[in-house]
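Worksheet: one structure, shown below.
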Amino acid sequence: MTHHSKDNLQAEAKVLLEAYLQKEDQLKAKDRTHIPSQIMPNQDPLIRRYNLEEVSLGFTAEQAQLEAMRCLQCIKKNCVLDCPVNINIPGFINHIAHGNFEEAIKIVKETSLLPAICGRVCPQESQCQLHCAVGKALKNVDQSVAIGRLERFVADWERESGRKVLPDVKPPTGKKVAVIGSGPAGLVVAADCKREGHHVTLFEAFHKMGGVLRYGIPEFRLPNSIIDEEIATLNDMGVELITNFVVGRTRKLTDLIEKDKYDAVFIGTGAGLPIFSGIEGENLVGVFSANEYLTRANLMRAYDKEHADTPIFSSKIVAVLGGGNVAMDSARMAKRMGAETVYVIYRRTENEMPARKEEVLHAKEEGIEFRFLENVKRIIGDNYSCVNSVECLRYELGDPDESGRRKPVEITGSEFIQEVDTVIVAIGNGSNPLISQTTPQLKVNRKGNVLVDGTQKTSMDRVFAGGDIVLGAATVILAMGEGRKAAAAINNMLLHDIQIEKAALEEVCNNALDI
């Protein structure tokens, strides 16, 4: 395991950058593909496994400029087409290549309101970087231009240099918009509707804003200070922020329209309902859903034992079930919470894991042990109903299933017992049914996802939805894209209302003058 210090990476990039800047105007496409892909500076794994500080430290200015120079400025902009919010990626990267960071962030923020967040947690390798011409030329998507890291760089540069400015807000329209849920989709809708001059109220069930960004993603991947800054921006714009408000309990959705006179409602409550596999022993002490475990550790700050009283299980040997990013987050958090051994148990191979390669690599560097082609058959408890082991099965891969991945097939008679004292189930989440259960006129599919049309409008008049409550568990940028579409539809609807009201008022005035 090789660790590259930030100072060394900066020094190497500085030497290379000076050399390439001297011949920048003469660089051909082939020359640009020969510029080395920049390594992200990270905390030393031997140190970071014991702290909650951010693992990835971000590109230096020299690294960012050098990485940006790798971009070929393609005529066909596949990266833009593959971005859910269609950021002008070649445009902002070109400015970084020329050291013009202020213009770069301006371009990003024309279409993305959360670049510091998306640059950290979005899977660019399966979105904007997937069809990058550089990655194709080098026959490796991991060698594509590091779009996400460059997005993060300019967002961090803007914040750290004190040049962040509030978006312009139009004069008040007198219209009211309720946004339910303060995750990525809700944050975008709140900002876009507020910019049009509408009164926006953002409702959050928890005591802090941020939704899944706050409770579901550990601080070592997404610092809370980044989320706080985005929430502060909304507050400074004039968005009304209300926490500890559970729509469906504190207030019904229909009451927001009929009693509180909101002109439009957006549902962005996400997919926060944990899914369990239904195996024996899931009710034992020491079994957690990943949602509960991460919420206790992140939102309720159980890791900060000196300043928080949040109870959390003291674990020595942890089994995490699943192979996605949430499983990686849970395993790495358990290690930081003091577990001596953490297993990730996954019934396929590493090639089929849905988790980002970077997160898997970081987990391995931090001492997480991966148990591939295995799955837990049952969870075993002691006389006090506390977990003391799991019974596992071994698997082999068969033919591909409907997802395209090879199907895991049990190996008969391969059962074995593994000692553990904690099991974290991270096999997925479903939609919270609270709003749909208390709003029967809201149509949902069999999984509980809200049904919407192409503008994100639901089956109810003036009610829109987007993000994970519609898509199921998805990415931050996909949720933002849905929020952007919903906000546009809401703003168009309210503009139409205003125009009708204005015409009616003019008619009344004209009639009065005639009299």
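Some values worked out for this structure:
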item	result
Residues (open to solvent by 50 Å² or more (accessible area, probe 1.4 Å), in contact (Cβ under 8 Å) with a residue 40 or more places away in the chain and farther than 23 Å from ARG484 by Cα) located in the stretch 110-158	HIS131, ALA137, LEU138, ASP142, GLN143, TRP157
Options GLU18, GLU67, GLU24, GLU53: the member that is open to solvent by 40 Å² or more (accessible area, probe 1.4 Å) and farther than 30 Å from SER330 by Cβ	GLU18
Leading residue by the ranking (farthest from LYS23 (Cα to Cα)) among those in the stretch 73-102 that are in a helix (DSSP H, G or I) and of a type in the set (S, T, N, Q)	ASN78
Number of the exception - CYS509 against (1) in a helix (DSSP H, G or I); (2) touching an Asp or Glu at 6+ places or on another chain (Cβ under 9 Å); (3) without any contact (Cβ under 8 Å) to a residue 12 or more places away in the chain	(2)
LYS335 being on the phi < 0 side of the Ramachandran plot, out of contact with any helix residue (DSSP H, G or I) (no Cβ under 9 Å at 6 or more places or on another chain), surrounded by fewer than 23 Cβ atoms within 10 Å (Cβ to Cβ) and basic (Lys, Arg)	no
First in the stretch 201-229 and in the same structural domain as ASN51 (by TED's automatic domain parsing) and modelled with pLDDT under 95, second anywhere and buried (at least 23 other Cβ atoms within 10 Å of the Cβ) and of a type in the set (D, E, K, R), Cβ under 9 Å, 6 or more apart	none
The stretch 345-365, residues that are in a loop (DSSP other than H, G, I, E, B), in contact with a strand residue (DSSP E or B) (Cβ under 8 Å, 6 or more places away or on another chain) and within 14 Å of VAL320 (Cβ to Cβ)	ARG347, MET353
Residue count for the stretch 404-460, restricted to those that are within 19 Å of GLY248 (Cα to Cα), open to solvent by 70 Å² or more (accessible area, probe 1.4 Å) and outside any loop (DSSP other than H, G, I, E, B)	1
For GLU292: the one exception among (1) within 28 Å of the chain's Cα centre (by Cα); (2) loosely packed, with under 15 Cβ neighbours inside 10 Å; (3) free of Cβ contacts under 8 Å to residues at least 60 places away in the same chain	(2)
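The values are calculated or read from the model by the stated rules, or taken from the named source; none is laboratory data. Everything numeric here is computed off the predicted structure, so don't read it as measured data. All Cβ positions, glycine included, derive from the backbone under ideal geometry; neighbour counts span all protein chains shown. What goes into the accessible areas is simple: the full protein's heavy atoms, side chains included, and nothing from ligands, DNA or RNA. Shrake-Rupley method; radii C 1.70, N 1.55, O 1.52, S 1.80 Å.
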